[in-house]
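Accompanying notes for the structure given below.
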Amino acid sequence: MEFGTQTIEALLSGYQKKEFKPSEVIGAYLENISARDKKLNSFLQVRAEETMAKAKALDGKMGEAVNLPLFGIPIAVKDNFLVEGWQATAGSKVLSGYVSPYTATSVKKLQEMGAVIVGKVNCDEFAMGSSNENSAYGPVRNPWDLERVPGGSSGGSSAAVAAGLAAVSLGTDTGGSIRQPASLCGLVGLKPSYGRVSRYGIVAYASSLDQVGPFSKTVWDSARVLEVMAGFDNRDATTSKRPVPRYTEELKSNSKRAFTLGISRSWLEGVDPDVAKSFEAALEAFKKLGGKIVEIDLPHTKYSLSTYYLIAPSEASSNLARYDGVHYGYRTQNAKSSEELYSRSRGEGIGREVKLRIMLGTYALSAGYYDAFYLKANQVRKKIQEDFEKAFTQCDFVATPTSPSTAFKLGEKTDDPLKMYLSDIFTLPVNLAGLPGLSIPCGLDSKNLPIGLQLIGKPFGESDLFAAAHSYEQVRGVFPLPSIAKGKG
Amino acid sequence: MLSRDEVLKIAKLARLTLTEEEIAFYQKQLTRVLGHIQDLNQVPTSNETFVQHVPLDAEPFREDKAEPFANHEGLMGNAPAVENNCFLLPTIVEHS
């Protein structure tokens, strides 16, 4: 039997019916990786022997463990998550050779429920980027078109699932790093509400914005991963104590509800014509489901880019101060003083875009500039949050295209940082407001590249988000996979 | 345009050694991004408003209880240099 195109739901059902065993499935995914990933560069570490041993151990437990919610599911994990015994480079040379001494809470929960890690996947250095071209380990290529980027920063996570190298993957999203690559690779990508999933064991980028979330082929799969990994964690003081709903059950009971979608027309200017067309068609589909479309006003979202590029770099400049060549990671040779040891280790070990963001943050927080930059950005952030609060009195979700364009070519946006940052124009405000956002494929453009629809929900409104996306998925039909996922191309 | 000295000052504060080529590169890039960010000045804001990003039911306070970390070897194994179970750094005070 061929594996690679199945959903989690289908794999679980196959295990239940004893159609195949975990070692067959995991073995097939490992073979897919070795056959296909040379073209994609999505995996940074694979430990086939150890992974197969885990799968075989599950074979022996099929009787008792087969009802685990993620029994025998092959999962890829972004390289900024810590998994004990595995490397965690976060796409940076400064962390090359770093071996995690413990496991992130989110990953641990998935492993306890039967998931098997098939590898650690590539990403933009420290999750900073929108194309995966900022990785110290080379760019990842889009499985739909190898000349194009998969999006970023979780580009390896999206390429791996789209190409059938993992059934599901984990990424992190600070300004769109799950939703944008999901959109560019034709997958469902979820950034949960701030506080929904523990960040313990994640390499921190901007702590008031970072969230953990899944990439999957379907909404049900996304709901399944979230219901396993969400919840309070004593080791992450920002996690919420709200109970975690059984999303997969609620998704079916709620999906008959008719939802109201809010659209801000002025925000949508400048979107590629194919993307705009596909977005309008998705809105029509919601209307056919009994839903309503209302015009809303989000006057401050146009300041999201500026707000984000003050807050995120400021937090990053503080979070990344720890990479100093002393306790772990890259260390420069022949430093004559401690000052020189820090500055040269950082200067040599950290890449171009990350240095830019560290310096932006250092500048914004430096004496005399704090009020004008960091404080001001936080005040505007509050206004963006209030815009959404107001909008949610008129609608259940805010809908946008996930990205203003489909996958662009490698090198196309690397010269101008602002050009690259604009890829996240629809995703940034969602992190700034702490809201959940989901990207779902809604069409293909004239070049046969996937287009994504973003639904933005109320705080902790993941259940409704899944329900709406699930009903849309039913009318849309099964979304195609790139030919490489079927072992071709 | 940010001056060369301004870039060097930021780099020093950030503990980043830059090459000559990088100094010129970041002069341009920082100027470009900081120029865009000026649009925030168009937004009237009052000093009281500040963002609440932590969920209201999160509990930032917990008992400050130390727990032994099981994988000591794993932690020390990542050090660039170790001696007698301590992180080894270059000598910075020379003996006379």
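Here, each number is a calculation from the coordinates, and none is a lab measurement. Quick caveat: nothing in here was measured; it's all calculated off a predicted structure. As a convention, Cβ positions derive from the backbone with ideal geometry for all residues, glycine included, and neighbour counts pool all protein chains shown.
Using a/c under 1.5 as the rounded threshold, could you call segment A:351-489 rounded, prolate or oblate? The axes a ≥ b ≥ c are square roots of the C-alpha gyration tensor eigenvalues, and prolate needs a/b larger than b/c, oblate otherwise. In terms of gyration-tensor shape, oblate. A simple spin-label model places pseudo-atoms 7 Å from Cα toward Cβ; at A:A321 and A:A65 they are separated by 4.4 nm. Taken along the Cα-to-beta-carbon direction at a fixed 7 Å, the label points for B:K28 and A:A281 span 4.0 nm. With a 10 Å cut-off around each Cβ of B:12-24, the average count of Cβ atoms from other chains is 6. Label-to-label distance for A:E339 and A:K241 is 4.8 nm, based on points extended 7 Å past Cα in the beta-carbon direction. Using C-alpha pairs below 8 Å separated by at least 6 residues, the relative contact order for segment A:135-253 is 21 percent.
A Förster radius of 51 Å combined with the Cβ-Cβ distance from A:A53 to B:M1 puts the calculated FRET efficiency at roughly 0.30. Listed values for segment A:358-369 are Karplus-derived 3J(HN,Hα) couplings in whole Hz (6.51 cos²θ - 1.76 cosθ + 1.60, θ = phi - 60°), namely 4, 6, 4, x, 4, 4, 5, 9, 6, 3, x, 10, and x replaces Gly and Pro. For segment A:131-146, backbone phi angles converted through the Karplus equation (6.51, -1.76, 1.60; θ = phi - 60°) give residue-by-residue couplings of 9, 6, 7, 8, 6, 6, 10, x, x, 9, 9, 6, x, 7, 6, 5 Hz, Gly and Pro being listed as x. Other protein chain C-beta atoms within 10 Å of residue C-beta, averaged over B:31-40: 6.
Summary of packing: across the peptides A:326-338, A:152-164, the per-residue average of other C-beta atoms within 10 Å ranks them, highest first, as A:152-164, A:326-338. With a 10 Å cut-off around each Cβ of A:307-318, the average count of Cβ atoms from other chains is 2. Taken about its Cα centre, segment A:230-282 carries a charge dipole of about 400 debye when Lys and Arg each add +1 at the Cβ and Asp and Glu each add -1 at the Cβ. For segment A:378-441, what class follows from the C-alpha gyration tensor (a ≥ b ≥ c being the square roots of its eigenvalues): rounded when a/c is under 1.5, otherwise prolate if a/b is larger than b/c, else oblate? Note, shape of segment A:378-441 comes out oblate.
Most simply put, the protein assembly as shown has about 70% antiparallel DSSP beta bridges, counting only bridges with both residues inside it.
Dipole of the protein assembly as shown, Cα-centred, from +1 at each Lys and Arg C-beta and -1 at each Asp and Glu C-beta, to the nearest 20 debye? Could the numbers behind the result be given before it?
Working: 65 positive and 67 negative charges, 168 e Å.
For this selection, approximately 800 debye.
Could you tell me the calculated FRET efficiency between A:T393 and B:E83, based on Cβ-Cβ distance and R0 = 56 angstrom, to the nearest 0.05?
My answer for the efficiency is 0.30.
Sorting A:425-433, A:106-114, A:18-26, A:454-462 by average packing, meaning the other beta carbons within 10 Å per residue, from highest down gives A:425-433, A:454-462, A:106-114, A:18-26.
Separation of segment A:144-192 and segment A:66-130, taken as the distance between their Cα centroids, equals 15 angstrom. Here the calculated FRET efficiency for B:D57 and A:S366, from their Cβ-Cβ distance with R0 = 22 Å, stands at 0.05, rounded to the nearest 0.05. Take the Cα of A:E112, go 7 Å toward its beta carbon, and the backbone nitrogen atoms of segment A:180-198 under 13 Å from that spot belong to A:198.
For the protein assembly as shown, the Kirkwood radius over C-alpha pairs fed into Stokes-Einstein at 25 °C and 0.890 mPa s yields D = 102 µm² per second.
Ranked by the mean number of other Cβ atoms within 10 Å per residue, highest first, peptides A:280-287, B:19-26 order as A:280-287, B:19-26. The value of relative contact order for segment A:158-222, using C-alpha pairs under 8 Å at least six residues apart, is 42 percent.
Binning the C-alpha pair distances of segment A:181-307 at 5 Å intervals from 0 yields a P(r) profile of 2, 9, 12, 15, 20, 19, 15, 7, 2, 0 %, listed from the shortest bin outward.
Please report the relative contact order for chain A, taking Cα pairs under 8 Å with a sequence separation of at least 6, and give it as a percent rounded to a whole number.
18
For segment A:155-189, the residues whose backbone nitrogen is under 18 Å from a point 7 Å from the Cα of A:S13, taken along Cα to Cβ, are A:167-168.
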